[in-house]
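The values are calculated or read from the model by the stated rules, or taken from the named source; none is laboratory data. These figures come from a predicted structure and were not determined experimentally. In this analysis, Cβ positions are derived from the backbone assuming ideal geometry, glycine residues included, and neighbour counts consider all displayed protein chains. Please note that ligands, DNA and RNA were not included when accessible areas were found on the heavy atoms of the full protein model with its side chains. Shrake-Rupley method; radii C 1.70, N 1.55, O 1.52, S 1.80 Å.
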Amino acid sequence: MSDSHLFDEFPEVSSQQWKQKIQYDLKGADYNETLVWDSPEGIGVKPFYHSEDLNGATIPSKESNQWYIAQSIYAGNANKANLKAKEVVNKGVESLIFTIPNAKINLVDLLQDIDLEKVPVHFNFQYMELESFEKLISQIKDSSARIHLHVDPIGNFARTGNWHQSENEDKRNLHKLLELSSFSKTIFPIGIDISLYQNAGSNIIQQLAYGLAHAHEYLSISPSISFIPTFKVAIGGNYFFEIAKTKALRWLWATLATAYGINEDCHIVAMPSKRNKTLYDYNVNMLRTTSECMSAILGGADTICNLPYDALYHKDNEFAERIARNQLVLLKEESYFGEVSHAAQGAYYIDSLTKQLAEKALDLFKQIEASGGFLDALTKGKIQQKIKESAAKEQLLFDENKTTLVGTNKFQNPDDKMNQDLELYPFMKKRSEKTQIIPITEKRLAEELEQKRLDNE
């Protein structure tokens, strides 16, 4: 008997038949009340899934299973950052993410002796100066180096409450940058930082819709110039939902890009969320980040940058960075997450979640566009208010111990002391400068509880 006919003798079982069997075994208990639970996104999660849940929909997936192990490096000093970059590349890092604080940093020195043909480089520019971008593009224009500039003036506006220069000037510079880089298929000028929304408390549907609307603003600035965006995504602790989120993001971009005649895929950079990370019992953060990196891989992220377990309270240090890097190396080399192609494809549960998240996010995106667009909603404070409401619901679940962070709001170790170990301020910082809008601010779930524990040490 051939494999294609292996199960021909067994009749197909419909979704309704499965449900009837479950209801019989419940002995009178209500199916929905007993076994179906609602996610924060308003999605009812069922005890089983069937092909009928997809209604014939085919969930698109990334063509390749390739993904890069990345490390973030603060480039306050170009020469020191360059030495560190070359060192970590020899220890398993496949892609580099440089944070550039100002235009004084010499990017030529920063990239010295790094094999740009093999190592994709991402830049997190904390400023917007066209001259710096021009020099960088001129330096690499004759190579096939893959460079992601992550220029994101709207993201800066959302995060800080101010434009780099002004709205019109930032948009003009962005248009010029798109023109400068349009000749290359390996220079990716635009970044869209969705991680901000997750770390501030947005639910998954909001993250996807805001990210899509954010991208649409850039498409509207230069509709005649095609570009491939780089989405920066924070991955939370809801394992299967986060797999579906990453898959849905790629699907949503493809839907939006098609409307502009763009046939290119996006690039997704994923990293663990800060929102569920804790100061106390900090080693549990390694379990959280491992799970979140797995979600990113199975969801089809292109580049994954892990978060060190002590990133909340310690300055950069070799030990924690090595542990974070090796978590990804182990997943890729010893757990074979770099070999399996489309591991999550065909899982009815994940595909159903992907479909529902994408549909709900697309509906919200359309509402935002119908009311004036993302930038208008941001300027009027509507986005900030929706994020605040979502964050408050999530915070209440944590405060009532319905959301558990082990070692923090449950199973605390009373001997765990942290007051003498703080090299960094681990809590939300209040901004004192004048802003044009209310900035979107990241805040962790455990902050208030941790502050009380620190006060009582």
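Kindly indicate whether L96 is of a type outside the set (G, A, S), open to solvent by less than 60 Å² (accessible area, probe 1.4 Å) and farther than 30 Å from E117 by Cβ. No: the conditions fail for L96.
Considered as a group, the residues in the stretch 180-198 that are in a helix (DSSP H, G or I) and open to solvent by 10 Å² or more (accessible area, probe 1.4 Å) include one that is nearest to K135 (Cα to Cα), and that residue is L180.
Being under 19 Å from S195 (Cα atoms), in a helix (DSSP H, G or I) and at pLDDT 95 or above, is that true of even one residue in the stretch 303-320? No: the stretch 303-320 contains no residue that is under 19 Å from S195 (Cα atoms), in a helix (DSSP H, G or I) and at pLDDT 95 or above.
Of everything in the stretch 368-394 that's of a type in the set (D, E) and farther than 17 Å from G201 by Cβ, which residue is surrounded by the fewest Cβ atoms within 10 Å (Cβ to Cβ)?
The qualifying residue surrounded by the fewest Cβ atoms within 10 Å (Cβ to Cβ) is D376.
For D113, the test of being farther than 18 Å from I304 by Cβ and either part of a strand (DSSP E or B) or open to solvent by 70 Å² or more (accessible area, probe 1.4 Å) (or both) is passed. Kindly check whether there is at least one residue in the stretch 57-78 that is open to solvent by 50 Å² or more (accessible area, probe 1.4 Å), within 23 Å of Q327 (Cα to Cα), in a helix (DSSP H, G or I) and out of contact with any Leu (no Cβ under 9 Å at 6 or more places or on another chain). No - not one qualifying residue is present in the stretch 57-78.
Within the stretch 289-320, the set of residues being within 24 Å of K429 (Cα to Cα) and among the charged types (D, E, K, R) comprises D310, K315, D316.
Which number in (1) more than 15 Å from I59 (Cα to Cα); (2) in contact with a Lys or Arg (Cβ under 9 Å, 6 or more places away or on another chain); (3) open to solvent by 60 Å² or more (accessible area, probe 1.4 Å) marks the one condition that G338 misses? Failing condition for G338: (3).
Take the residues in the stretch 241-261 that are surrounded by fewer than 18 Cβ atoms within 10 Å (Cβ to Cβ) and touching a helix residue (DSSP H, G or I) at 6+ places or on another chain (Cβ under 9 Å), then tell me which one is farthest from V121 (Cα to Cα). Top of the filtered list is A259.
The number of residues in the stretch 243-288 being in a helix (DSSP H, G or I) and either of a type in the set (D, E) or farther than 30 Å from L454 by Cα (or both) comes to 17.
May I ask you to list the residues in the stretch 30-54 that are in a loop (DSSP other than H, G, I, E, B), over 16 Å from G346 (Cβ atoms), open to solvent by 30 Å² or more (accessible area, probe 1.4 Å) and out of contact with any strand residue (DSSP E or B) (no Cβ under 7 Å at 6 or more places or on another chain)? It would help to see each step written out before you state the result.
Of the stretch 30-54, the ones in a loop (DSSP other than H, G, I, E, B) are 30, 36, 39-43, 46-50.
Pick out the ones that are also over 16 Å from G346 (Cβ atoms) and you get 30, 36, 39-43, 46-47.
Going one step further and asking which of them are open to solvent by 30 Å² or more (accessible area, probe 1.4 Å), we end up with 30, 36, 40, 42, 46-47.
Once the filter is applied, which keeps residues that are in a loop (DSSP other than H, G, I, E, B), over 16 Å from G346 (Cβ atoms), open to solvent by 30 Å² or more (accessible area, probe 1.4 Å) and out of contact with any strand residue (DSSP E or B) (no Cβ under 7 Å at 6 or more places or on another chain), the stretch 30-54 yields D30, P40, G42, K46, P47.
Residues in the stretch 205-224 that are aromatic (F, W, Y) and either more than 17 Å from F241 (Cβ to Cβ) or open to solvent by 20 Å² or more (accessible area, probe 1.4 Å) (or both): Y218 alone.
If you go through the stretch 395-424 and pick out every residue that is in a helix (DSSP H, G or I) and open to solvent by less than 60 Å² (accessible area, probe 1.4 Å), you end up with 2. Within the stretch 139-160, the residues that satisfy the criterion of being surrounded by fewer than 19 Cβ atoms within 10 Å (Cβ to Cβ) and not in a helix (DSSP H, G or I) are K141, D142, S143, S144. For first residues located in the stretch 366-382 and without any contact (Cβ under 8 Å) to a residue 24 or more places away in the chain, partners that are in a helix (DSSP H, G or I) and charged (D, E, K, R) and lie 6+ apart or on another chain with Cβ distances below 8 Å form the pairs S371/K382. Taking L35 as meeting all but one of (1) more than 23 Å from G237 (Cβ to Cβ); (2) without any contact (Cβ under 8 Å) to a residue 60 or more places away in the chain; (3) out of contact with any Asp or Glu (no Cβ under 8 Å at 6 or more places or on another chain), write down the number of the exception. Result: L35 passes all but (1). Return yes when I350 is open to solvent by less than 40 Å² (accessible area, probe 1.4 Å), touching a strand residue (DSSP E or B) at 6+ places or on another chain (Cβ under 8 Å), in contact (Cβ under 8 Å) with a residue 60 or more places away in the chain and over 20 Å from I73 (Cβ atoms) and no when it is not. Taking the combined requirement at face value, the residue does not satisfy it. The number of residues in the stretch 5-29 being open to solvent by 80 Å² or more (accessible area, probe 1.4 Å) and closer than 24 Å to A344 by Cβ comes to 3.
In this structure, is I368 within 30 Å of I221 (Cβ to Cβ) and either touching a Lys or Arg at 6+ places or on another chain (Cβ under 7 Å) or not acidic (D, E) (or both)?
For I368, the condition - within 30 Å of I221 (Cβ to Cβ) and either touching a Lys or Arg at 6+ places or on another chain (Cβ under 7 Å) or not acidic (D, E) (or both) - is met.
Out of (1) farther than 24 Å from Q384 by Cα; (2) of a type in the set (A, V, I, L, M); (3) open to solvent by 30 Å² or more (accessible area, probe 1.4 Å), the odd one out for I438 is which? For I438, the failing item is (1).
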